[in-house]
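Each remark here refers to the structure printed beneath this line.
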Amino acid sequence: MVSAAKKVGKERLSLHGLGVICGLTAGVWLGAAEAPTKLVNAGFSPFAISLCMVAGVFTARWTFPTLLKGTSYVFADLMEKKYLIVWALLAGALWAVANTLTVFAIRDVGLAVAFPLWNTNSLIGLLWGRVLFRELEGAGAKNIGKVVAGAVAIVVAAVMLGFSTIHGGGSPTQHQWSGIVAAIGASLMWGTMYVPYRKAYLSGMNPLSFVTAFTVGELGTVLALTLALDGGMHSSAFQLFHMRGVLFWLFLGGLVWVIGDLFQQFAAKYLGIGRGIPLSNTNQLWGLAWGALVFGELATADRPHKLLVVGGSIVMILGALSISTAVASTREDNSKNEAVLRECRRYGLDYYRTLAAQSGDEFGGRNERRRWWDYAIVLTATGVFAWLGVRAVLPPLVMNLSWIAVLGGLLLLSLLAGGWSLWRRTRFC
C-alpha cells in the first residue's frame, strides 16, 4: 500500500512538473510570436497583419500534428469526439478576434505595454476553471493560496509593466486609450477561449487533434473580419500577400505562435487552465524583452519607469514560482476525475480510457502510420516557408540584431527542453 501511494505521488508530481515545463516553454515562444506584428508600425493595417500571420499559423498548424502523429491518428481522434469539433472552431474564432485586437493594441501603445494588459486573461481563465470545471475543488488552503496569489501577482506585474511604458509626461492620449481598450478586449477573448481547451482535454482529446480543427476557425474568422471591416477585397492584406519579402516574417510569427500554443495546450491539459494559463502568461516577460531589447521601446524611459520594469518582472517571476509549486493533492485530483466522469456520461465516453488519456498514457487502437499525403503536407508547408524565406528582406524597422540572436538561441533551447520532456513522458499524448 505504501509503495503504491508513493508511485501515485511520483506520477502526480511527474505530470505536474511536465505541465510546468510546458507552460514556461509556451511563455518563451508566445512572447516571441508577437514580435513580427511590429510591422503594423510600418504602416500596414492591423487586419492585414493579423490575416497574414494567421495564414502562417494555418500553414504551420497542420504540419506539427501530421509530423508527430499522422493524419490518420488525428482524424480518428476527432471522429471519436465529433462534438468537440464545434468547440475547437469556437476557440479558433475567439483567438482570431483576440489576435486582431492585439495588433491594434501594439500599434497604439507598443508591444511592451500591450502584452501585460492582455495577459490579465489569467484571472479570466482561473475564474472559468473554477466555475465550470471544478478546478481547485478539494485543494488545501495552501495550494489555493499559491495559485490565486500567483495569478494575482502576474496581474499586478502586468499593471506595473504597463505603467512603466507610459512615460514622457502627461496622461495617456485618446490614441493610447484605444490601444489599452483593445488589449483588455483581447484579454477577455483569450480568457474565455480556454474553456473549449479544458473541455476537450477532460474528454481525452489529444491537443494535436484539437488544434487541427481550431485553426480552421481562426483562419475563417480573421478572413471574415478582414472582408467585413477592412475594405473587403481592397484590404491591404491582399497587397501584403504579394510582398513576399515582408510576408515571410508574418508567416514566421505564425509558426512561432503555433509552437508556443502547442506547449500551452499541453500545459492546460496537465495543469488545468487555472495553473497552466498563468504560467504561459510569463510570455509577457519575453514580449517585454523583444520590445525593449530588440525594438528599443524603453529607450527613452526614465529611471522610475525602468525600476517599474525590474519590479514588475520580479513580481511576475515570483507569481509563476508560486503557481509552479502548487502540486494538486489527491482530493483535488478526485474532484477533477469527477469532472471527467461528468463529461463521459454526457457524451457517452469510456471513463477509464479517458482517464488514461488524462495521464498521458495513450490508449491503443490508434493508427500512427504515416500516409503519402502526410509527407506531402509537411513538404508543402516547408516549401511555402522556404519559398518566402529566400525572398525575405529585413523589415523597415530599427532592430538590435545581436539581441535577436540571443533571444533566438533561448527559443531553441526551450524547444529542446520542452519537446524532450513531452516525448519522454507522454510521446506527445
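The values are calculated or read from the model by the stated rules, or taken from the named source; none is laboratory data. Here the structure is a predicted model, which is why all the values come from computation and not from measurement. When we count neighbours, we look across all protein chains shown, and the Cβ atoms used for this are built from the backbone with ideal geometry, even at glycine. Ligands, DNA and RNA are stripped out before the accessible areas are found, and what is left, the full protein with its side chains, is counted by its heavy atoms. Shrake-Rupley method; radii C 1.70, N 1.55, O 1.52, S 1.80 Å.
How large is the charge dipole for the range 58-141, taken about the Cα centre, if only the Cβ atoms of Lys, Arg (+1) and Asp, Glu (-1) carry charge, to the nearest 20 debye?
Around 140 debye, computed over the range 58-141.
Pick out the long, greasy-scoring helices in the chain: whole DSSP H runs spanning 15 Å or more along their own axis by Cα, mean Kyte-Doolittle at least 1.0.
Helix filter hits for the chain: 46-61, 83-109, 121-133, 141-164, 207-229, 244-271, 303-324, 372-389, 401-426.
Tell me the per residue accessible area of the chain using a 1.4 Å probe; a whole number in Å² is fine.
Each residue of the chain exposes 41 Å² on average to a 1.4 Å probe.
If you roll a 1.4 angstrom probe over the protein chains with everything in place, what fraction of the accessible area of the range 276-324 belongs to carbon and sulfur, to the nearest %?
Here it works out to 74 percent.
Could you calculate the contour length gain from Arg134 to Ser359, that is, 0.36 nm times the residue separation minus the distance between their Cα atoms, to one decimal place in nm?
Gain on extension, Arg134 to Ser359, equals 79.2 nm.
Leaving ligands, DNA and RNA out of it, report the carbon-plus-sulfur percent of the accessible area of the range 172-243 at a 1.4 Å probe.
In the range 172-243, the share of accessible area belonging to carbon and sulfur is 72 percent.
Does the chain come out rounded, prolate or oblate by the C-alpha gyration tensor, with a ≥ b ≥ c the root eigenvalues, rounded set by a/c under 1.5 and, if not, prolate when a/b is larger than b/c and oblate if not?
Here the chain falls in the oblate category.
Could you order peptides 77-89, 148-160 by the average number of other Cβ atoms within 10 Å of their residues, highest first?
Final packing ranking: 148-160, 77-89.
Of Cys429, Pro65, Ala151, which is farthest towards the positive pole of the chain's charge dipole, taken about the Cα centre with +1 and -1 on the beta-carbons of Lys, Arg and Asp, Glu respectively?
Cys429
Quick one: what Rg and Dmax do you get for the range 224-292 from the alpha carbons, in Å?
16.6, 44
For the ranges 123-132, 282-291, what's the packing order if you count other beta-carbon atoms within 10 Å of each residue, average per peptide, and put the highest first?
Listed from highest to lowest mean packing, they are 282-291, 123-132.
Taking the Cα centre of the chain as the origin and placing charges on Cβ (Lys, Arg +1; Asp, Glu -1), which of Phe295, Ser50, Cys22 is farthest toward the positive end of the dipole?
Cys22
Calculate the length of the line joining the C-alpha centroid of the range 43-75 to that of the range 91-113, in whole Å.
Between the Cα centres of the range 43-75 and the range 91-113 lies a distance of 17 Å.
Sort the range 39-162 into rounded, prolate or oblate with this rule: let a ≥ b ≥ c be the square roots of the eigenvalues of the Cα gyration tensor; rounded if a/c is under 1.5, and if a/c is not under 1.5, prolate when a/b is larger than b/c, oblate otherwise.
oblate
Please tell me which of these pairs span more than 18 angstrom C-alpha to C-alpha: Lys142/Lys199; Lys81/Lys269; Lys69/Lys336; Lys81/Lys336; Lys269/Lys336?
From the list (Lys142/Lys199; Lys81/Lys269; Lys69/Lys336; Lys81/Lys336; Lys269/Lys336), the Cα-Cα distance tops 18 Å for Lys142/Lys199; Lys69/Lys336; Lys81/Lys336.
May I ask which residue of Gly419, Thr354, Val246 lies farthest towards the positive end of the charge dipole of the chain, with charges of +1 (Lys, Arg) and -1 (Asp, Glu) on Cβ and the Cα centre as origin?
Checking the options against the dipole of the chain, the answer is Thr354.
Where does the chain land at 222 nm, in deg cm²/dmol rounded to the nearest 500, when only DSSP H runs of n ≥ 4 count, each adding -39500 (n - 2.57), divided by all residues?
-25500 deg cm²/dmol
Can you classify the range 271-312 as rounded, prolate or oblate using the Cα gyration tensor, where a ≥ b ≥ c are the square roots of its eigenvalues, rounded means a/c under 1.5, and otherwise it's prolate if a/b beats b/c and oblate if not?
In terms of gyration-tensor shape, oblate.
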